[in-house]
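The values are calculated or read from the model by the stated rules, or taken from the named source; none is laboratory data. Here the structure is a predicted model, which means the values were calculated and not measured. Cβ coordinates were reconstructed from backbone atoms using ideal geometry, including for glycine residues, and neighbour counts include every protein chain displayed. For the accessible areas, the whole protein counts, side chains as well, though only heavy atoms, and no ligand, DNA or RNA atoms are used. Shrake-Rupley method; radii C 1.70, N 1.55, O 1.52, S 1.80 Å.
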Amino acid sequence: MSMAQTADIGVRPADEATAEPSILLEARGLTRRFGGLVACRDVDLRIPAGGIVSIIGPNGAGKTTFFNVVAGIMDPSGGTVVFRGRTLITMPRRTWLEPIFWVLPAAIALLVTYLLGAFNGEESSTAVGMLVVIAVLATTLLTAIIRPRWYSRLMDRFGILRSARPNDVVAAGIGRTFQNIRLFQNMTALENVLVGMHCRLHGGIIGSILRTRRVNQEEREARERARELLTYCGLPRRHEERAGSLPYGDQRRLEVARALATGPKLLLLDEPTAGMNPQETAAFTEFVRRVRDEKDLTVLLIEHDMKVVMGVSERITVLEYGAKIAEGSPAEIRSNERVIEAYLGKGAAA
């Protein structure tokens, strides 16, 4: 499947009247419920292209849940996320109808083979008929998993709407790191970065099996690019070291390198300086600015270290109990009474 096909999966045109070229990502009324608990409640957030935006809030404010919804890991309970002018994340609708399309071709194949006499009592013809039906069913299920563009358009035509999956989100141009480091611990640093590059490679299954010249050339270029990214992220001599044996700060940098390998336009950083000492934190803060400027990226980060937030952010959004309570520049947030109350209590805000 080509990148052009992959990038369109789960991504639909947004309202042209509301799309703004300067806004890279816009969350509109984003809500996520877990039973009776509302982790995110009608969150509106606009991220300008080229900016560094932070989301802050007390523990349990819904920050990571917001990230998980934007990244396609969770479906929203309401609202949408528009990325680069197209609806990427939305509440699924009428998905109960989709399984009908999975079994309908196999049912038709079963009927046709029956009418053609495949099930006339002879073992050989019955076996052939069953093989045909199973092959049709397997092909249909595989198509539903891959979800090519024509399949998504067909589902749209019948009002069956699914939110973008994590691989669709990555293909669209959003990379992320995680609050708890999620590297492939037994793979080398280089191999971890190559995993991130997978969505941008074009060799395909057949080419990889046959080991064509194009695939070999693409893999050589990918390895060279991975080494460059590791060096850029401060890991120049750790290419062949196992990820699980790297120091904590280097593992954080490796996560960023893997996210950059996906070729993102928007980089989501979930508490990137957690567990770092002051020197590592200061270096990483400067690194975030450099990545934004040199890689032409937009950065959205969650961070508890207010020194980092105030030092690197151009705009800050504050969440409390899943709802947005404030938004503005670092100076505006620093003096906002509702923010002070959320962190320190009513007495501190008085």
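Miscellaneous remarks
- Of all the criteria given as (1) open to solvent by less than 60 Å² (accessible area, probe 1.4 Å); (2) within 19 Å of THR31 (Cα to Cα), the one not satisfied by LEU97 is (2).
- Restricting attention to the stretch 104-162, the residues that are within 30 Å of MET91 (Cα to Cα), open to solvent by 80 Å² or more (accessible area, probe 1.4 Å) and not charged (D, E, K, R) add up to 6.
- Close pairs (7 angstrom Cβ cut-off, 6 or more residues apart or separate chains): of a type in the set (A, V, I, L, M) in the stretch 119-138, modelled with pLDDT under 80 and not in a helix (DSSP H, G or I) anywhere: VAL128/ALA118
- Residue within the stretch 189-197 that is β-branched (Val, Ile, Thr) and outside any helix (DSSP H, G or I) present: no
- Checked against the criteria, GLU294 does not count as touching a residue at least 60 places away in the same chain (Cβ under 8 Å) and either open to solvent by 10 Å² or more (accessible area, probe 1.4 Å) or within 20 Å of ASN336 (Cβ to Cβ) (or both).
- Residue in the stretch 195-214 that is touching a strand residue (DSSP E or B) at 6+ places or on another chain (Cβ under 9 Å) and not acidic (Asp, Glu) present: yes
- Failed condition for THR285, given (1) under 30 Å from HIS198 (Cα atoms); (2) surrounded by fewer than 21 Cβ atoms within 10 Å (Cβ to Cβ); (3) out of contact with any Ser or Thr (no Cβ under 8 Å at 6 or more places or on another chain); (4) β-branched (Val, Ile, Thr): (3)
- Of the residues making up the stretch 324-337, those that are surrounded by 13 or more Cβ atoms within 10 Å (Cβ to Cβ) and part of a helix (DSSP H, G or I) number 4.
- Failed item in (1) part of a helix (DSSP H, G or I); (2) modelled with pLDDT of 85 or more; (3) open to solvent by 70 Å² or more (accessible area, probe 1.4 Å), with ASN186 passing the rest: (1)
- Being open to solvent by 30 Å² or more (accessible area, probe 1.4 Å) and either in contact (Cβ under 8 Å) with a residue 60 or more places away in the chain or not in a helix (DSSP H, G or I) (or both) is a property that does not hold for ILE55.
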